[in-house]
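K.L.:
Quick one: the structure is below, questions incoming.
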Amino acid sequence: MHFYAMAKQPIITVKNLVKNYGDFAAVKGISFEVYEGEIFGLLGPNGAGKTTTLEVIETLREKTSGEITVDGFNIETDKNSIKQRIGVQLQAAGYYPNLNLAELIELFSGLYGIDKSPMEMLEKVALTDKAKAKYKDLSGGQKQRFSIATTLINNPRIIFLDEPTTGLDPQARRNLWDLIREIRDQGTTVVITTHYMDEAEVLCDRVAFVDGGHIIGIDTPDHFIDQLVASGFERKKEVKLANLEDVFINLTGKEWREG
Amino acid sequence: MNQNYSNTKATLAIAKASFRAILRSPSAVVFTLAFPLIFIVVFANIGGGGVSVDVGVAKGCDTAGRFYQQLKSRKLVNLITDQSTEEMNKNLAKGQLDAILDLKPLVPMQPLQVNVQYSKASGKGEILKSILNNMFYYVQSAELAKIQSYSPLKIPEAVHLTETTVTGRAYKYIDFILPGQLGFSILSSGVFGTAFVFLSLRLTLVIKRFFATPVKRYSIVLGEALARMIFSLLGALFIILVGHYLFGFTLIHGVTTVLNMLVLSAFGLIIFMGFGFIISGIAKNEGTVPPLSNIITMPQFLLSGTFFSVTAFPKWLQYVSNALPLTHLNNAMRLVAFEGAGLGDVTHQLFILLIWLVIVYAVAVKTFKWE
């Protein structure tokens, strides 16, 4: 039983969000709620408006219209209070050049105006042995875990992860899922985007499908699947008891590799 | 969650991170310290004693006589005795020797025979000519005095030469070259460093990630500027100390002069960082930073009196030179270091720099991009 199942208290409320870039409407009036303590997935093809929606909620972009509340704070009037309560992992963001991981954590602590021991943060993501390494020398999985560590520095109420598992091998992906579940279990709400439906199915408590700037459905993964099956849908191919990824994991082992 | 968010803490965190990164970046260290020091070493050694005339000594020249010994003691004359006649003639024709000298042994009651060959290939023969004439004047005056002592007939003097040398500060080339190199160091650190840092922080989305934290924009600019300021001033101090202790750079009022030079450096750096902000805004990618930066730095490097005085240029070029900020920084720096001027004595230079400051930052505010 997840924390979310017991109390469905909305922590993020988005109402009729519209975001235009010049003539182009990226987000065309979407509304949804994220409940406290859940892992909420925004799913959809490239260009659907997922990242734009996230970046507006993260206070990184101005909305064109609509209303957004994050942990009780209005996005128009309380940007700074929101920034202090959230942790953000950007798709493809870089880190300050020429610094090692411990120094980067120290920098971010300063940006949040708090004192955090770099080792304590690195321990949360199992990177203490890389404290003196540069970000660019990390493997894909390590980079993503480090990014997540930087989102946790200010003990945020909510963290936003934009495609954190893209490009990772199956082991690193599973390892990251475990980390994200751990963070959720400690009471932090997680908002995540992904292209992998298997990932959303096992990781997310609820998902929203976004397409062409609209939300076309919000529910738990189980409900979506059950509904589809009830409508008479059947997979063309006979369903086997395992898939190729199961074979991969079975052959190569579950433990996560560096490099 | 911290309700009393501290901008100072964030600014200092950025300054510390930036300072660490600068120290680890080879180009910053090379441009700020290595290049200026190499130029100082090279030019301090070329400059030192000023000009000298290379004079080949002909075979059979009387090197024992008094005249030769006197010539040898002249600092401007470099007597060369280890070349064959053939080599000397070849070198004279090429201008690698400025003259060939042949003194015949002195025969009593006969005039001293002096044969000098000059070369069209060298302009420095004139220097030897005047040195020799000066020496002949004294020889002839001595002869004349001798004749006068035997004769009651007063021969009127055509010229009476009185030469005196006042004691003064020796002009050393290092006193000219060091302030220029200091200016160059500050210019390149300010323009290149600032442009690269802000462009790459923008392109790699580091700044975007910063904006997801409560940090203020001014903290980012101030923190970066602070780090560059500390690094550049430490570099300037290092250059001044190396110049002073290894090459005898003149510091008239000692520590006060050093402090005044550092204040000027800081002022110059703020202006040059402004150019860096402009370039970071208009550059599309990291490849366009060097050419854009060179457009700013090269003309100033060449025309602002870094290596030779602006007064050596033709008049029209001097107008260009006098419009450039580095010219005025260099002038102020030299007045402070060599003439012992205080900051109150260089208000003219500071005023022109202030005008540049206003112009540069007015443009920077318009062109600077955060995303």
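The values are calculated or read from the model by the stated rules, or taken from the named source; none is laboratory data. Keep in mind it's a predicted model, so treat the numbers as computed, not measured. Neighbour counts run over all protein chains shown; Cβ positions are idealised from the backbone, glycine included. Areas reflect the complete protein model, heavy atoms only, side chains present, ligands, DNA and RNA absent. Shrake-Rupley method; radii C 1.70, N 1.55, O 1.52, S 1.80 Å.
K.L.:
Hey, what angle do you get for helix B:289-303 against the long axis of chain B, alpha-carbon based, 0 to 90 degrees rounded to 10?
P.N.:
It is inclined by approximately 30 degrees.
K.L.:
Ordered by residue, what ³J(HN,Hα) values in Hz, to whole numbers, does the range B:114-119 give under the Karplus form 6.51 cos²θ - 1.76 cosθ + 1.60, where θ = phi - 60° and Gly and Pro are x?
P.N.:
Result, ordered by residue: 10, 10, 10, 10, 9, 9 Hz.
K.L.:
Right, another one. Which of A:Q227, A:Q186, A:N243 sits farthest toward the positive end of the charge dipole of the range A:186-259, with +1 on the Cβ of Lys and Arg and -1 on the Cβ of Asp and Glu?
P.N.:
A:N243
K.L.:
With θ set to phi - 60°, apply the Karplus curve 6.51 cos²θ - 1.76 cosθ + 1.60 along the range B:334-348 and write out the HN-Hα couplings as whole Hz, x wherever there is a Gly or Pro.
P.N.:
6, 4, 5, 6, 9, 8, x, 6, x, 5, x, 8, 10, 4, 4
K.L.:
Compute the relative contact order of the range B:279-327 as a whole-number percentage, counting only Cα pairs closer than 8 Å that sit 6 or more residues apart in sequence.
P.N.:
Taking the mean separation of contacting Cα pairs over the length of the range B:279-327, I get 32 percent.
K.L.:
Please compute, for peptide A:11-23, the average count of beta-carbon atoms on other protein chains lying within 10 Å of each residue's beta-carbon.
P.N.:
What the average comes to for A:11-23 is 0.
K.L.:
Sticking with the crude label model, points 7 Å out along Cα→Cβ, report the distance from B:L153 to A:A131 in nm, one decimal please.
P.N.:
Between B:L153 and A:A131, the simple spin-label model gives 10.4 nm.
K.L.:
Ok, one more. Per-residue accessible area for B:T288 at 1.4 Å probe radius, Å² rounded to 10?
P.N.:
Ignoring ligands and nucleic acids, B:T288 comes out at about 50 Å².
K.L.:
In what order, largest first, do B:M261, B:M109, B:M298 sit by accessible area if the probe radius is 1.4 Å?
P.N.:
B:M109, B:M298, B:M261
K.L.:
Relative contact order of chain A, please, whole-number percent, based on alpha carbon pairs below 8 angstrom and at least 6 residues apart.
P.N.:
Relative contact order of chain A: 25 percent.
K.L.:
Under a 5 Å amide H to amide H cut-off, with H placed in plane at 1.01 Å, what residues pair with A:T64 once short-range neighbours are removed?
P.N.:
A:V18, A:K19, A:N20
K.L.:
Relative contact order of the range B:165-272, please, whole-number percent, based on alpha carbon pairs below 8 angstrom and at least 6 residues apart.
P.N.:
49 percent
K.L.:
Where does chain A land at 222 nm, in deg cm²/dmol rounded to the nearest 500, when only DSSP H runs of n ≥ 4 count, each adding -39500 (n - 2.57), divided by all residues?
P.N.:
Dividing the helical sum by the residues of chain A leaves -10000 deg cm²/dmol.
K.L.:
Which whole number gives the average, over all residues in B:9-21, of C-beta atoms from other chains lying within 10 Å of the residue C-beta?
P.N.:
That average works out to 5.
K.L.:
Give me D for the range A:92-234 in µm² s⁻¹, whole number, from Stokes-Einstein with Rh from the Kirkwood sum over alpha-carbon pairs, 4 °C and 1.567 mPa s.
P.N.:
77 µm²/s
K.L.:
List the lysines whose Cα lies under 22 Å from the Cα of B:K75, skipping any in the same chain that are fewer than 8 positions away.
P.N.:
B:K124, B:K129, B:K172
K.L.:
Working from Cα positions, state the angle (0 to 90°, nearest 10) between the long axis of helix B:217-247 and the longest principal axis of chain B.
P.N.:
Once rounded, one gets 20 degrees.
K.L.:
Could you give the length gained on full extension between B:K369 and B:K59, defined as 0.36 nm per residue of separation minus the Cα-Cα distance, in nm?
P.N.:
Gain in length upon complete extension: 104.2 nm.
K.L.:
Same structure again: Note down the Stokes-Einstein diffusion coefficient of the range A:189-230 in µm²/s, whole number, using a Kirkwood radius over alpha carbon pairs, 10 °C, and 1.306 mPa s.
P.N.:
144 µm²/s
K.L.:
Further question: How do B:L79, A:L107, B:L354 rank by accessible surface area computed with a 1.4 Å probe, from largest to smallest?
P.N.:
The ordering from most to least exposed comes out as B:L354, B:L79, A:L107.
K.L.:
Turning to a different aspect of this structure: Which order do peptides B:146-154, B:201-209 fall in by mean Cβ count within 10 Å, highest first?
P.N.:
Highest to lowest by the protection proxy: B:201-209, B:146-154.
K.L.:
What whole number of Å gives the distance from the Cα centroid of the range A:85-119 to the Cα centroid of the range B:59-136?
P.N.:
The range B:59-136 and the range A:85-119 have Cα centres spaced 74 Å from each other.
K.L.:
Rounded to the nearest 0.05, what FRET efficiency is calculated for B:L161 and B:L203 with R0 set to 56 Å and r the Cβ-Cβ distance?
P.N.:
Plugging the Cβ-Cβ distance into 1/(1 + (r/R0)^6) gives 0.20.
K.L.:
While we're on this one: Just by accessible area at a 1.4 angstrom probe, what is the order of A:T64, B:T213, B:T165 from largest to smallest?
P.N.:
Listed by decreasing accessible area, they come as B:T165, A:T64, B:T213.
K.L.:
May I pose another question? Determine the calculated [θ] at 222 nm for chain B from helices alone, applying -39500 (n - 2.57) to every DSSP H run no shorter than 4 residues and normalising by the residue count; nearest 500 deg cm²/dmol.
P.N.:
Dividing the helical sum by the residues of chain B leaves -20000 deg cm²/dmol.
K.L.:
Below 13 angstrom from the Cβ of B:K72, what's the summed charge of the other residues (Lys, Arg +1; Asp, Glu -1)?
P.N.:
Computed value for this residue: +2.
K.L.:
Sticking with this structure for a sec: What does the charge dipole of the protein assembly as shown about its Cα centre add up to, to the nearest 20 debye, if the Cβ of each Lys and Arg holds +1 and the Cβ of each Asp and Glu holds -1?
P.N.:
1940 debye
K.L.:
Given the protein chains as shown and a 1.4 Å probe, how many square angstrom of B:T85 are accessible, to the nearest 10?
P.N.:
Ignoring ligands and nucleic acids, B:T85 comes out at about 70 Å².
K.L.:
List the lysines whose Cα sits under 23 Å from the Cα of B:K216, skipping any in the same chain fewer than 8 residues away.
P.N.:
Once the sequence-local lysines are set aside, what remains near B:K216 is A:K63, A:K79, A:K83, A:K116, B:K9, B:K16, B:K208, B:K366, B:K369.
K.L.:
Which one of B:V159, B:F176, B:Y118 has its Cα pushed farthest toward the positive end of the charge dipole of the range B:57-205, where Lys and Arg give +1 and Asp and Glu give -1 at the Cβ?
P.N.:
B:F176
K.L.:
Ignoring everything but the protein chains, give the 1.4 Å probe accessible area of B:V360 in square angstrom, nearest 10.
P.N.:
0 Å²
K.L.:
Can you tell me which lysines have their Cα less than 25 Å from the Cα of A:K240? Leave out same-chain residues fewer than eight positions away.
P.N.:
A:K254
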